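Each value in this text was obtained by applying a stated rule to the coordinates, not by laboratory testing. Predicted model, so just to flag it, every value in this text is computed and none were measured. Note: ideal-geometry Cβ built from the backbone for every residue, glycine included; neighbour counts use all protein chains shown.
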Amino acid sequence: MEFLSDAISNFSSPMILFFVLGFIATVLKSDIEIPEVITKTLAIYFMIAIGLKGGFEISKSGIDSNLYSSIINSLLIGIIVPVIAFLILKYIGKFDSTNSGAIAAHYGSVSVVTFVTAISFLNSKTESYSGYMVGMMALMESPAIFVSLFLVRIFNSEKIASLKSNTVDLLKESLFNASVVLLFGSLLIGFAVGEKGMSTVKPFFIDPFNGVLTLFLLDMGMIAGKRIAEFKAVGIFLFFFAIVMPVISALITIFLTELFGFTVGDSLLFTVLAASSSYIAAPAAVRIALPQANPAYYITMSLAITFPFNIIVGIPFYYFLINLFR
Amino acid sequence: MEFLSDAISNFSSPMILFFVLGFIATVLKSDIEIPEVITKTLAIYFMIAIGLKGGFEISKSGIDSNLYSSIINSLLIGIIVPVIAFLILKYIGKFDSTNSGAIAAHYGSVSVVTFVTAISFLNSKTESYSGYMVGMMALMESPAIFVSLFLVRIFNSEKIASLKSNTVDLLKESLFNASVVLLFGSLLIGFAVGEKGMSTVKPFFIDPFNGVLTLFLLDMGMIAGKRIAEFKAVGIFLFFFAIVMPVISALITIFLTELFGFTVGDSLLFTVLAASSSYIAAPAAVRIALPQANPAYYITMSLAITFPFNIIVGIPFYYFLINLFR
Amino acid sequence: MEFLSDAISNFSSPMILFFVLGFIATVLKSDIEIPEVITKTLAIYFMIAIGLKGGFEISKSGIDSNLYSSIINSLLIGIIVPVIAFLILKYIGKFDSTNSGAIAAHYGSVSVVTFVTAISFLNSKTESYSGYMVGMMALMESPAIFVSLFLVRIFNSEKIASLKSNTVDLLKESLFNASVVLLFGSLLIGFAVGEKGMSTVKPFFIDPFNGVLTLFLLDMGMIAGKRIAEFKAVGIFLFFFAIVMPVISALITIFLTELFGFTVGDSLLFTVLAASSSYIAAPAAVRIALPQANPAYYITMSLAITFPFNIIVGIPFYYFLINLFR
Amino acid sequence: MKKLEIIIESVERRRVCRILDEVGVKGYTIIDDIQGRGKTGPKSAQDLSNILKSSLIIVVDEESTIIKAIEQLKEVFKYYSGKMFLSDITVIE
Amino acid sequence: MKKLEIIIESVERRRVCRILDEVGVKGYTIIDDIQGRGKTGPKSAQDLSNILKSSLIIVVDEESTIIKAIEQLKEVFKYYSGKMFLSDITVIE
Amino acid sequence: MKKLEIIIESVERRRVCRILDEVGVKGYTIIDDIQGRGKTGPKSAQDLSNILKSSLIIVVDEESTIIKAIEQLKEVFKYYSGKMFLSDITVIE
Ligand SMILES: Nc1ncnc2c1ncn2[C@@H]1O[C@H](COP(=O)(O)O)[C@@H](O)[C@H]1O
Ligand SMILES: Nc1ncnc2c1ncn2[C@@H]1O[C@H](COP(=O)(O)O)[C@@H](O)[C@H]1O
Ligand SMILES: Nc1ncnc2c1ncn2[C@@H]1O[C@H](COP(=O)(O)O)[C@@H](O)[C@H]1O
Ligand code: NA
Ligand code: NA
Ligand code: NA
């Protein structure tokens, strides 16, 4: 079976193995300490690197006709995924609207590192993808958060108790969110600088990319390992949700991308974006906007269950599914 | 016009574009956060890298007869620029001696990152320069600070109210200042290790240099963007001073380098050093030595006005002027 | 004399020169500040890099028959060195058992950066070594610490006054110690990922290795320079011990490796491991387990005397001795 | 004079400072990135967002100003995790 | 209410928190990576292990609980370097 | 016993410690890289030099020693930005 061999070869990439090492090390209580400032800087590095690369690809290939359908697809996913997540949590999981909305916001938004890992997976398959997919990721960061807050407001108007000034803060923070600005900015710069400009930054932003990702995933493994201790707080329903929801989002997205006729590479990236769950932008926004929601839920689910699931099993599985339908 | 095309091509380099991105991001209140420890480490990286490269170049080319005139030129600039700055501030700007001296110290001293950006500009023009120019930069860091303090003392003897122990602290700090030691040290090491030694460090200190500079300038853009809020505190006179003074320093230096007969590359680097304003060494020294001076003035002018002006407009403009005179 | 030329060529490598620069800069009170988080991250980088490289080498060459004798040799050194150190300190130096044991633990354990510098030395000599030597280093980190604690317990049963819970903490911390887990983990991953996996991380973990080491040694030079101020607290006996003990350990190890018939490369690495003194794992463990011991002794000796001695004089000297006996 | 020590989760630090500015306190000092444990469990910096960290803000001012600040801050503490401690202090300089 | 400020060398920070948890204090706040000087000389972060740094732990609780905590903590202070300071405080929130 | 809390801009931190050493205080604790706002406006670490940051230094000692320290420190506060706060405290260990 191709899926199995893909999964196994994915599993034997240094990135995934270092993620697992970090996870195990933390469970064994070994205090490998990657300082937080490094983690944050590497996250910025990745956004610049994929932005530059994406923009440069666009400048070479031009913008094809799929751009518009890609934008529509991004926005569709940004609405459909949080709505489904919200309904499942509220009506099957019997969670209150606030917690349902808080979690839905995370699953509707996206994870940059999952995307980056998927790109690394595609590269190892020599499967191409469109440069503007980085833009699609930037596009998908915020809408689902607003959709989720809107759902909470509809279902739960009087209990929404956050402060007035919050909404303004939140809007500003989401629109000009650090990662949105960095991604779009780097995309534009990558587009503008051409071959010569790219060659000057290649030895820093392109060549060591996978190695840096390895270090970062070691760190992510440790963060996930620490979070897994909160497992009990999450409970069995949310645990399964954190695995099933990505698959649901993936299936919907595979269907949509099939409809739109995107390439295999673009389809996988869309699918991974839909299936991934945010753990940087969404937690910050949700903590401010929905303070009554329990952060132990969404942080643990995103970091310790969905992220590992996606990078280890999800990516090769979605790739297998996409190829199955062709 | 060649200047325009140079300015535009400078403006479309990834480094400058990321500076602008950082600036815009901050103005839009996007909280991209490059931790301060990273900024400080990158500053060290640049000093080592240019020191090593400069030293290695000297070891290959030998020290030419221009070295002595270069040293004289460095010291001349280190005296002339702060004196002119001081007189303009005191007699045209009507500032008190303390603030005039504080600002003059910054414009007399130099900015490592402006120098590094100029080197990157020269490389893109395949214009050569002498390895010992890094040494000239190290030489130019401190004298102007002492000249400025001396001017304050002359013009304002009784009001100088800093503590006794300060002068000793200051002398020690300036002579064996971190950047002076690092630059000279790396220059010596670059000179000593030869081809083989250089090749072992090249993949870290030479190849990714421009990429690292890109990341650093993103950060500088954000720092400048935050500082620009203090714009009002600075006032219209100082705003113009922060743009006109670099041009004055540049014209003087272009005249001097013409006199001495330096190459275009060396002349540009001298000009950029003269035109640049310090924002690491000088603020620390001045804050200790002249506590009554207002830091909002000198920090904002150096970081938020002169630095952007020099790297975006100044460098190609000075290059144009230098070529005009040949 | 070959030793002299080796020592001089070692001394003119950029790594050693930057160590010296860092040392001098600190003595001159220049505040070059490499933030601690960077130092810690670089230490992690080195462990991953040498682990990966070692594992990959094993996967290429296979495990040879020397593996078993290497393990025995590692354990032998881990017992002999701390016992000798303890006896010298207690009976010649007249130190109490607690301080003797504390210092013995450091000299029995190993220094990753000394090992890394030795690898860099071997590379410059194009002398090969076995991939599993990284594993030997990991193996040698903890045993000597336990042996030393055991000696203190025997010689000084009633005065051992550390808290109950400490022993459990300590055992856990030593067995699943961060560096042990990282080294073994990276070794396994390097073994598993093969040529293709290695090539994806090479531009980050292999190519810039020596350059990163240069930056790290600048930092180590500064740390050593700061520690040297505690020189007086250490006293003349411990000062000589910090130089003579590495040579004793080296001689014993050279004899053992001769017996076992290891290659020159492996023998040097074993010798350097035996001669090196821990300054990350051992201090933390000893501070917890033997709080009455004086940290000024062991930290200063390890960092400010033995480490510089080993990387500057020791490595080429041990290499000379090993070749002398063949 | 009174000293008010405010421990507040990082995401709300900016709002707390804004409130202090509005109330017109003479000044305050901020220590960021602190950890702790309270009734809502441990708060230690183990995720990539900043939501599991706190800041410590120290305000020294007249009792009346501090009381005004407390009034306003209580609104924040309704929803967000943290503590406020009050004690006596003398301002030397 | 009482405020207990504990300055303890970093290697023992975890044990101190464990003791506070066992004694049942309501909460505590931790500031890591602090420097200082005491009778055992300067403590500043200049080595690669963490043994030359301290943490500051602040506990606010009823006097009785604080006294219990102090009893237990004295054991740690027998062997490790640090300080404990006690003062009065009012809990607002 | 008295507790003196000194907030001083980073460039002068070393001098303050030197003064404390000279006066002969028993010890002190330093928290670096703190931010704040006072009458001279906001102090937050947004530049490459260290001039826009402060340090918090805590000294606990006999009243007489603290008073001596304050005398000496006032010289520094004439020119540099910062605050000194004094309160009562009990030393446990
Ligand atoms: N009794 C206490 N003493 C000191 N700090 C506390 C105390 N209770 C809570 N905190 C701090 O306030 C934060 C939030 O507390 P809580 O809202 O009770 O979870 C904790 O993470 C601690 O940093
Ligand atoms: N009198 C004091 N005031 C404030 N902090 C102190 C004092 N004495 C000691 N410390 C702190 O406690 C640590 C250990 O002190 P010691 O055990 O006396 O060496 C020092 O590094 C300081 O951080
Ligand atoms: N009322 C206050 N309460 C607490 N900290 C203060 C207060 N006033 C000033 N500070 C601190 O002292 C620093 C310098 O204050 P100033 O000299 O008034 O500008 C500020 O950045 C704050 O960190
Ligand atoms: Na998603
Ligand atoms: Na200048
Ligand atoms: Na050893």
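Observations on the structure shown:
- Take each residue in B:7-19, count the other chain C-beta atoms within 10 Å of its C-beta, and the mean is 4.
- Per-residue mean of C-beta atoms belonging to partner chains within 10 Å, peptide F:18-31: 4
- Within the straight-line cut-off of under 20 Å between alpha carbons, the aspartates and glutamates reachable from residue C:94 are C:158, sequence neighbours fewer than 8 places apart in one chain being disregarded.
- Highest-first arrangement of C:197-208, C:257-268, where packing means the average Cβ count within 10 Å: C:197-208, C:257-268
- The aspartates and glutamates whose alpha-carbon is closer than 16 Å to the alpha-carbon of residue A:226, local same-chain residues fewer than 8 away aside, are A:31, A:33, A:36, D:47.
- Order by protection proxy (mean Cβ within 10 Å, highest first), peptides A:243-255, B:311-323, C:15-27: C:15-27, B:311-323, A:243-255
- Counting only other chain Cβ atoms within 10 Å of each residue's Cβ, the peptide B:273-283 averages 2.
- Taking every alpha-carbon pair under 8 Å whose residues sit at least 6 apart, chain A reaches a relative contact order of 34 percent.
- Region C:1-76-region A:19-42 distance, computed between alpha-carbon centres (Å): 22 Å
- Value at 222 nm in deg cm²/dmol, rounded to 500, when DSSP H runs of n ≥ 4 in chain B each add -39,500 (n - 2.57): -24500 deg cm²/dmol
- Remark: relative contact order (region C:251-326) = 41 percent; criterion is Cα-Cα distance under 8 angstrom and separation of 6 or more residues.
- Region B:1-155 shape via C-alpha gyration tensor axes, a/c threshold 1.5: oblate
- Here region D:49-93 is scanned for amide nitrogen atoms under 18 Å from the site 7 Å beyond the Cα of residue E:63 along Cα-to-Cβ, giving D:86-88.
- Cα-based shape type of the protein assembly as shown, given that a ≥ b ≥ c are square roots of the gyration tensor eigenvalues and the cut on a/c is 1.5: rounded
- Closest-to-axis residue of chain A (Cβ criterion, axis taking A to C), whole Å: A:37, 3
- For residue E:39, a cut-off of 16 angstrom between C-alpha atoms picks up these aspartates and glutamates, skipping any fewer than 8 places away in its own chain: C:230, E:9, F:21, F:22, F:61, F:62, F:93.
- Flagged links, alpha-carbon separation over 20 Å, of E:74/F:2; D:78/E:26; A:53/B:125: E:74/F:2; A:53/B:125
- Against chain E, whose longest principal axis is taken from its Cα atoms, helix E:63-79 shows a tilt of about 20°.
- Shape class for chain A, computed from the alpha carbon gyration tensor (a ≥ b ≥ c): rounded, with a/c under 1.5.
- Computed packing ranks the peptides D:6-17, C:270-281, F:19-30 as C:270-281, D:6-17, F:19-30, most packed first, by mean other Cβ atoms within 10 Å.
- By the combined test of axial Cα extent (at least 27 Å) and Kyte-Doolittle hydropathy (mean at least 0.5), the qualifying DSSP H helices of chain A come to A:36-61, A:66-87, A:231-260.
- Helix-derived mean residue ellipticity, 222 nm - over chain F, DSSP H n ≥ 4, -39500 (n - 2.57), to 500: -9500 deg cm²/dmol
- Whole-Å distance, taken between Cα centres, linking region D:37-93 and region F:14-33: 27 Å
- When both region C:86-133 and region A:233-297 are represented by their alpha-carbon centers, they are found 50 Å apart.
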